[in-house]
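Laboratory data are not the source of any read-out in this text; all were calculated from the coordinates shown. Just so you know, these numbers come straight off a predicted model, no measurement behind them. Neighbour counts run over all protein chains shown; Cβ positions are idealised from the backbone, glycine included.
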């Protein structure tokens, strides 16, 4: 029964990232609900094209999201 | 008012299958709710790319789904 | 994989109607996709409280929906 | 927190229309909830391919929607 | 066709606020798409119970959201 | 941007389980996307009443789900 839906912006994450999301989010859910529920734990990833997701009224591109991710990396370096 | 959303994996169903889903799911719903509701009965089909839908942590391809469908056909033959 | 989500307004349909929706929408889907897919065919029904679903800007109550349903019954009588 | 999801049929609206939707729906929401909520007001637009959205069992194309839009313009002229 | 879904946390907005959302979001959408589309413009509001919506891993209560709203009002005073 | 929506059946999980889902699913997502994305990582949990979620056409109750969970615990004991 548990259904996990992940909404992302297109071109931000690689196919490998998305497989990792499916695997790890499922494992996290199974830790909480019990191993018996694994086969009825579904994760689906839906991507929204760049320019079609707004935060505070600003439509985001993948480049803008990558820049958010980099800023942190720099400030930690 | 009734809104039916169908989530599928891409490349599993043909355009004809999808039209059939829209027609038949609407008819089924109208049987229950009454003919008067037909014009406010909406069906939309959203498809998730292959590799972005996991069951039990395994990301599915269309080929894997087709293989599930075939297995049954064989065991019934 | 097929996931069918039905959105309704609360207090329009009885528990029996909702069980019928689950059974019949599943059967309809299985007719198209093949019997092998039955166990991975999920239907969930989500209800929105009265007054929280607007068509054309008018928030609907269950009474308004029932009145739509009755109108048809009368015109057919 | 407020999350607004807009579902459209593909090829009906231009990229400019969609940016306008993000901007104006956010502004409308912020008018009601207060300016403090702007940064946690998200709008995402998801498009369904032509032929995958049915009203009353009829699968719609962008051309059919455009024809609905034009009819009104004419009757107002 | 345009379907607008608004997700909120329960107990943050009054019934009047929610009616206002339905009316004004519909009007905003109709401004962009044309008056002919009004009757096929749907807005539904779905509320998530307090404690079931997390931002950055923190589950929010209505009180926390109200406190965000007040802060702004104060800083503007 | 990442938005995680979890759909559950009501009365299966405790409030503590649900807080744990919000915390751990967020942490899992942040591991993949980077710490900079934490504040724009949202998790919301939506629950469907018992009897309104069908698998293979059978409407599930919380008791049925608990029985699935116990079966596994027993077979592992």
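Structure summary
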{"item": "Cβ nearest the rotation axis (C onto F), residue from chain C and distance to the nearest whole Å", "result": "C:46, 4"}
{"item": "For residue D:20, inter-copy label distances in nm, listed shortest first [label point 7 Å out on the Cα-Cβ vector]", "result": "2.5, 4.1, 4.1, 4.4, 5.0"}
{"item": "Efficiency of FRET from Cβ geometry, residue C:39 and residue E:39, R₀ 35 Å, rounded to 0.05", "result": "0.30"}
{"item": "Likely footprinting exposure, D:43, C:40, fewest C-beta neighbours within 10 Å first", "result": "C:40, D:43"}
{"item": "DSSP beta bridges in the protein assembly as shown [antiparallel fraction, %, rounded to 5]", "result": "50 percent"}
{"item": "Residues listed by number, segment C:43-64, amide nitrogen under 13 Å from residue E:23 label point at 7 Å toward C-beta", "result": "C:57-59"}
{"item": "Computed helical MRE - 222 nm, the protein assembly as shown, DSSP H runs ≥ 4 contributing -39500 (n - 2.57), nearest 500", "result": "-15000 deg cm²/dmol"}
{"item": "Scaled radius of gyration (Cα, divided by 2.2 N^0.38 Å) that the protein assembly as shown gives", "result": "0.97"}
{"item": "Degrees separating the helix C:62-76 axis from the principal Cα axis of chain C, which is the longest one", "result": "90 degrees"}
{"item": "Ranked F:38, F:63, criterion: other C-beta atoms within 10 Å, fewest first", "result": "F:63, F:38"}
{"item": "Percent breakdown of C-alpha pair distances by 10 Å bin, ordered from the shortest bin, for chain F", "result": "17, 36, 30, 16, 1"}
{"item": "Between 0 and 90°, nearest 10: helix E:15-33 axis offset from chain E longest Cα axis", "result": "40 degrees"}
{"item": "Using a 7 Å Cα-to-Cβ projection, residue F:69 label spacings across copies, nm, ascending", "result": "3.4, 3.4, 3.5, 3.6, 4.9"}
{"item": "Fraction of antiparallel bridges per DSSP, segment F:3-76 only, in percent to nearest 5", "result": "20 percent"}
